[in-house]
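Beneath this line is the structure, given in structure tokens, with notes to follow.
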Amino acid sequence: MKNKNLLESFNRAIDGLVFCFQTQRNIRLHALAALLVLSLSLGLHLTKVELLFVFIAIIFVLVTETLNTAIEATIDLITPRYHPLARVAKDVAAGAVLLAAINAIVTGYLVFFPKLNPVLPKVIESITHSPAHLTLIAISLVVFSVVVFKVWTGTGRPLSGGMPSGHAAVAFALATAIILISKDGLVATLAILLSLLVVQSRVEGGIHNVTEVIIGSVLGVLVTFLIFQLYQKWG
């Protein structure tokens with residue numbers, strides 16, 4: 001009987017996690033960021049202690065997100081109508097997630113910056129001696145494409161909201177340019193991670209939905225890659 005109760009407890013716990021990942025967009029974004037950070041950790045050959053701090057920071061963010069989901073669900077069950085105290089409870093829970101995210105950022109800075117610092121000058125030098133006008137042309141075409149796309153779909157304003165996300169397009173255009181210029185796996189991972197943070201901020205801010213940022217990201221990558229390919233062929 002005890003074994004069955006224990007098994008049922010595990011099943012319910014897993015069901016709770018599955019529910020969070022199925023219904024909570026922020027948890028999915030945090031999980032994706034966690035996978036990228038862990039991949040970067042393996043590439044940088046962190047020590048066991050450094051890896052432990054990174055892992056704790058990641059788990060801390062995910063735990064606070066799940067608790068925030070549980071608190072919101074409980075409040076919605078008890079008080080279906082708007083109540084000032086319900087808002088306070090939800091805001092405090094969201095504040096806990098924010099503190100966990102700040103802790104993760106500080107931990108990431110303390111762990112990763114000493115590892116990445118020797119690489120950054122090489123990246124800057126590569127960008128300095130690269131055809132910078134290609135990046136400028138690519139960014140300009142990306143912005144133009146975003147505006148045309150928004151006018152065509154009739155969503156949002158030319159420089160705010162709508163389909164696709166301009167911030168996501170520009171962020172991934174820059175990331176693609178950096179990857180093509182540096183040709184370094186570590187730099188590529190860092191560029192993608194920073195671009196995903198931009199995308200996450202647009203979604204969490206309620207400015208864009210997931211589809212809009214995905215299409216914007218793909219647009220930025222394709223346009224930039226096409227410009228660089230044309231330069232290599234005809235330049």
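The residues of the range 65-88 that are surrounded by fewer than 16 Cβ atoms within 10 Å (Cβ to Cβ) and assigned to a helix (DSSP H, G or I), listed by number, are Leu67, Ala70, Ala73, Thr74, Asp76, Leu77, Ile78, Pro84, Leu85, Arg87, Val88.
Counting just the residues of the range 1-11 that are surrounded by fewer than 10 Cβ atoms within 10 Å (Cβ to Cβ) and either among the charged types (D, E, K, R) or under 23 Å from Val210 (Cα atoms) (or both), which one comes out modelled with the highest pLDDT? Among those residues, the one meeting the criterion is Lys4. Exactly one residue among Thr211, Thr176 is under 15 Å from the mean Cα position of the chain (by Cα) and not assigned by TED's automatic domain parsing to the domain that holds Ile27, and that residue is Thr211.
Only one of the listed residues (Leu174, Leu190) is surrounded by 20 or more Cβ atoms within 10 Å (Cβ to Cβ), farther than 23 Å from Phe149 by Cβ, aliphatic (A, V, I, L, M) and at pLDDT 75 or above. That residue is Leu190.
The values are calculated or read from the model by the stated rules, or taken from the named source; none is laboratory data. None of the values given here were measured: they were computed from a predicted structure. All Cβ positions, glycine included, derive from the backbone under ideal geometry; neighbour counts span all protein chains shown.
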